[in-house]
Amino acid sequence: MKKIVVLTGAGMSAESGINTFRDANGLWEGHDVMEVASPQGWHNNMELVLNFYNERRRQLKTVKPNKAHLALAELEKNYNVSIVSQNVDDLHERAGSAHVIHLHGELLKARSTFDKDLVYDWINDINIGDFCEHQQQLRPHIVWFGEAVPMIEVAIEEVKTADIIMVIGTSMQVYPAAGLVDYKKPNAPLFFIDPKPSISENAIPGLEIIAEKATVGVPIAVGRLSRM
């Protein structure tokens, strides 16, 4: 089986009704991003940060995978598929994708503030006073600004071994995720699916741009795969 590595961003989940957090003015749901997505924000106002992610978690329960998520899951019948997602939702998993790497953490998990390796499945609100087994406060299992991205090395190794790469719903302008395509094989085809692509087709060898939203562009890319 050929190996496909799919890099997904906010545009992948937007059509399911997941807010993309950051508005044109740089605010996330009305908050300065550093208030709700940084260690300093957590230190300054733990309750605000917990409430922010509790609201995101509640919203996640109300949405479903869209056609693009389902199309990627269907690819596993004929390809070895790995998904590297910048999204913190579980829509890829719910659609049926078996191998998903979350670069920025997972909304439906909580982790210990005492031991970062203590991670728990968590579907409800995280409240002040919810403790790990060491009696220390739990926090969202999210990679905040200023924190290391522990899964980036795993993602790099996936990209290095890919026969085909798809980039869906992300500008690929934010590092370290933006640097992942630099690790692809020189001859590996690269499909870039985004309604407002940020790069031109001569920017990367093997690049093919599909200027469509995810639910339209992914089926187009899948159709082209079948002819390769």
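Once the convex hull of the C-alpha atoms of the range 52-197 is built, how many Å³ does it hold per residue, rounded to a whole number?
Details: hull volume 18.9 nm³, N = 146.
Given the Cα convex hull of the range 52-197, per-residue volume reads 129 Å³.
How many nm is it between the label spots at GLU153 and ASN187, if each spot is 7 Å from the Cα in line with the beta carbon?
According to this spin-label approximation, the distance is 3.0 nm.
Could you run the Karplus curve 6.51 cos²θ - 1.76 cosθ + 1.60 with θ = phi - 60° over the range 194-201 and give me ³J(HN,Hα) per residue in whole Hz, x for Gly and Pro?
Once rounded to whole Hz, the list reads 6, x, 10, x, 9, 10, 9, 5.
At a Förster distance of 35 Å, what's the computed FRET efficiency of GLN136 paired with MET1, Cβ-Cβ distance as r, to 0.05? Intermediate results must be reported in sequence, preceding the final value.
Details: r = 44 Å, r/R0 = 1.25.
After rounding, the FRET efficiency stands at 0.20.
I need the phi-derived Karplus couplings for the range 206-211: 6.51 cos²θ - 1.76 cosθ + 1.60, θ = phi - 60°, integer Hz, Gly and Pro marked x.
Computed from phi, the couplings for the range 206-211 are x, 7, 10, 8, 10, 7 Hz.
Can you list the residues, at least 5 places off or on another chain, whose amide H is less than 5 Å from the amide H of ILE204, using H built in the peptide plane?
none
Would you mind computing, in nm to one decimal, how far apart the modelled labels at LYS67 and HIS99 are, each placed 7 Å from Cα along Cα→Cβ?
2.8
Indicate, rounded to the nearest 5 percent, the antiparallel portion of the DSSP beta bridges found entirely in the chain.
On the way: 12 of 34 bridges.
The antiparallel fraction comes to roughly 35 percent.
In Å², and per residue, what accessible area does the range 1-156 have when probed at 1.4 Å with the other protein chains present?
Numbers: 7650 Å² over 156 residues.
I get 49 Å² per residue for this part.
For the range 1-127, what is the charge dipole size about the Cα centre, in debye to the nearest 20, if Lys and Arg each add +1 at the Cβ and Asp and Glu each add -1 at the Cβ?
On the way: 14 positive and 17 negative charges, 106 e Å.
I would put it at about 520 debye.
Would you calculate, for the chain, the mean residue ellipticity at 222 nm contributed by helices, counting each DSSP H stretch of 4 or more residues as -39,500 (n - 2.57) and dividing by all residues, to the nearest 500? List each step's numbers first, then the result.
On the way: 8 runs with 64 residues, N = 228.
Result for the chain: -7500 deg cm²/dmol, rounded to the nearest 500.
From the phi of every residue in the range 127-137, what ³J(HN,Hα) in whole Hz does the Karplus formula 6.51 cos²θ - 1.76 cosθ + 1.60 yield, where θ is phi - 60° and glycine or proline is x?
Once rounded to whole Hz, the list reads 10, 4, x, 7, 10, 7, 5, 9, 6, 10, 4.
Under 5 Å between amide H atoms, partner at least 5 residues away or on a different chain: which partners does VAL81 have, H built in plane at 1.01 Å?
Counting only residues 5 or more places away or on other chains, the set is ILE4.
Got a sec? Charge dipole of the range 75-176, +1 on Cβ for Lys and Arg, -1 for Asp and Glu; which of LEU138, VAL167, ASN87 is way out at the positive end?
It is VAL167, whose Cα lies furthest towards the positive end.
Could you give the length gained on full extension between SER198 and MET228, defined as 0.36 nm per residue of separation minus the Cα-Cα distance, in nm? If you can, show how the numbers build up before the last one.
Values: separation 30, 0.36 × 30 = 10.80 nm, distance 2.53 nm.
Stretched out fully, the SER198 to MET228 stretch lengthens by 8.3 nm.
Taking H as built 1.01 Å from N, whose amide H comes closer than 5 Å to the amide H of VAL167, not counting residues under 5 places away?
Result for VAL167 returns LEU7, PHE191, PHE192, ILE193.
With the full set of protein chains in place, find how many percent of the accessible area of the range 147-228 is carbon and sulfur; take the probe as 1.4 Å. Write out the running numbers ahead of the final one.
Values: 2290 of 4110 Å².
That fraction is 56 percent.
Which whole-number percent gives the relative contact order of the chain, counting Cα pairs below 8 Å spaced six or more residues apart? Show your work: numbers first, answer last.
Working: 422 pairs, mean separation 51.9, N = 228.
Over the chain, the number comes to 23 percent.
Mind putting together the pair-distance distribution for the range 1-138? All Cα pairs, 5 Å bins, whole percent per bin, short to long.
2, 9, 16, 21, 18, 14, 10, 6, 2, 0
The values are calculated or read from the model by the stated rules, or taken from the named source; none is laboratory data. Just so we're clear, the structure is a prediction, and the values are computed from it rather than from any experiment. Because the Cβ atoms are built from the backbone with ideal geometry, glycine has one as well, and the counts that use them run over all protein chains shown. With ligands, DNA and RNA removed, areas are computed over all heavy atoms of the protein, side chains included. Shrake-Rupley method; radii C 1.70, N 1.55, O 1.52, S 1.80 Å.
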